[in-house]
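> Below: one structure in structure tokens.
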Amino acid sequence: TTLYGASDYANLQLFNDVISYSGLGAFSSTELQKALAGKIANADLSLGQLSTNVSGNSTPKDVETMLQMVYLYFTNINKDQKSFDNIMQQFEVALKNREINPDIAFSDSIQATIYAHNPRVAPITIDRLKDVNYDRILQIAKERTASAKGWVFNIVGNYDEETIRPLICQYLGALPAKGKVMKSKRELNPVKGVVENTFKRKQETPKANSVMLWFNDEMPYTLKNALCCDIAGQVLSMEYLDKIREKESAAYSVGAYASADLGADNYRMFQIFAQCPMKPEKKDVAIRILNEEMKAIETTCDAAKFQKCKEFMVKQNGDRVKTNGFWLGVLFDSYHYGYDGYTDYSSTLEALTTQDICNFMKEFNKAGNHITVTMLPEE
């Protein structure tokens, strides 16, 4: 999406929806669904910030149908005006009352604060629907799929190699591969430093809500750091539940989660995110604990909670290695970033101690990046 400018922001935001409701080849969207009856096969084209993506899934016997759909996304997306008009009507209905919904105001404010009001993340509103142009969306799709040069296809599953090879040659090998590989640049980065946005909204049922984001994009991306980040998020979530909801009765629910992201050009991002819908009269207590626990985990990580996290992650890993999606991720990271998060996963997790979590959090918090968005009820 970063290859396109301001005049296309609305088109880019609805690109994935509009393309998924378009037809393929000789079929309209509705005709395509009828043609697929009895088959279990699907494919989608989508745009990310830095990449154009095609994804699909099927049963082993319907692999050819999935690959045919992929081929058509590159060569023959069918303009389906009726489906487009329907989806735009649905958006119109859905967006009609968004302005008066305090939860949407809160969600918009989170995005705007984290990305410093970058117009690329401005929400789609009813008045921006007029900027969405179906022909332009189809043109963008054509530009992004004009050449398969530079594309990497990962296929995982219980396919038969002898059967699938000629199909790959027929449908992927036949794709046009002339043209230049265009390199996009990362434009959406969270704002650095300490940022606070507190605002009031009229609400039928008065409630307060706070979201906090801490991040560090300077620490080296290692398997150990990624695991420490994950566990820290889980432990914090349990601490928040114990202290904010159970002990202080200051919140209806509270949780934290962590993510460790790896990307091109040495991009890495460790994030911990907390959300707390609070009782308005106890907001100060809840916010204080959210901040205190984030600091406290630098020196103390509860051993019982830590052990619980490790046991959960061992089980989770045992489950996910049985899925195609997991192996797609392993292949992707290995091919694009030279990163292996699989081979030493179990041994690295097993060796972790509570002190490792504290050490990680001490380093993580040194970045000093902390964004807080709080919505309070109008009195």
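> Within segment 323-366, work out how many residues are of a type in the set (Lys, Arg) and either surrounded by 17 or more Cβ atoms within 10 Å (Cβ to Cβ) or part of a loop (DSSP other than H, G, I, E, B) (or both).
1
> Which members of segment 109-135 meet the condition of being under 24 Å from the mean Cα position of the chain (by Cα) and in a loop (DSSP other than H, G, I, E, B)?
Tyr115, Ala116, His117, Asn118, Ala122, Pro123, Ile124, Thr125, Val132
> Could you check segment 115-137 and list, in sequence order, the residues that are acidic (Asp, Glu) and surrounded by fewer than 15 Cβ atoms within 10 Å (Cβ to Cβ)?
Asp127, Asp135
> If you don't mind, there's one more thing I want to ask. Of Leu188, Leu138, which residue is in contact (Cβ under 8 Å) with a residue 40 or more places away in the chain and either assigned to a helix (DSSP H, G or I) or in contact with a Cys (Cβ under 6 Å, 6 or more places away or on another chain) (or both)?
Working: Leu188 fails: either assigned to a helix (DSSP H, G or I) or in contact with a Cys (Cβ under 6 Å, 6 or more places away or on another chain) (or both).
Unique residue meeting the criteria: Leu138.
> Say we look at segment 39-53 and pick out the residues that are open to solvent by 40 Å² or more (accessible area, probe 1.4 Å) and in a strand (DSSP E or B); which of these is farthest from Asp265 (Cα to Cα)?
Of all residues in segment 39-53, those open to solvent by 40 Å² or more (accessible area, probe 1.4 Å) come to 39-40, 42, 44, 49-51, 53.
Then drop every residue that is not in a strand (DSSP E or B), which leaves 42, 44, 53.
Working: Asn42: 32, Asp44: 27, Asn53: 19 Å.
Among those residues, the one meeting the criterion is Asn42.
So that you can scan it fast, the table gives a plain yes or no per residue for (1) closer than 30 Å to Asn189 by Cα; (2) open to solvent by 50 Å² or more (accessible area, probe 1.4 Å):
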{"site": "Tyr9", "(1), (2)": "yes, no"}
{"site": "Tyr21", "(1), (2)": "no, yes"}
{"site": "Leu36", "(1), (2)": "no, no"}
{"site": "Ser55", "(1), (2)": "yes, yes"}
{"site": "Met66", "(1), (2)": "no, no"}
{"site": "Tyr71", "(1), (2)": "no, yes"}
{"site": "Phe74", "(1), (2)": "no, no"}
{"site": "Ser109", "(1), (2)": "yes, no"}
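> For segment 299-310, indicate whether the set of residues that are open to solvent by 70 Å² or more (accessible area, probe 1.4 Å), among the small types (Gly, Ala, Ser) and either closer than 26 Å to Gly263 by Cβ or modelled with pLDDT of 95 or more (or both) is non-empty.
To start, the set of residues in segment 299-310 that are open to solvent by 70 Å² or more (accessible area, probe 1.4 Å) comprises 299-300, 304, 307-308.
Adding the requirement that they be among the small types (Gly, Ala, Ser) leaves 304.
Filter once more, keeping what is either closer than 26 Å to Gly263 by Cβ or modelled with pLDDT of 95 or more (or both): 304.
Yes, the conditions are met somewhere in segment 299-310.
> Got at least one residue in segment 166-176 being open to solvent by 90 Å² or more (accessible area, probe 1.4 Å), touching a helix residue (DSSP H, G or I) at 6+ places or on another chain (Cβ under 6 Å) and not in a loop (DSSP other than H, G, I, E, B)?
There is no residue in segment 166-176 that is open to solvent by 90 Å² or more (accessible area, probe 1.4 Å), touching a helix residue (DSSP H, G or I) at 6+ places or on another chain (Cβ under 6 Å) and not in a loop (DSSP other than H, G, I, E, B).
The values are calculated or read from the model by the stated rules, or taken from the named source; none is laboratory data. Only a predicted model underlies this, so the values are computations on that prediction, with no experimental measurement involved. Ideal geometry is used to build each Cβ from the backbone, glycine not excepted, and the neighbour counts take in all protein chains shown. Ligands, DNA and RNA are stripped out before the accessible areas are found, and what is left, the full protein with its side chains, is counted by its heavy atoms. Shrake-Rupley method; radii C 1.70, N 1.55, O 1.52, S 1.80 Å.
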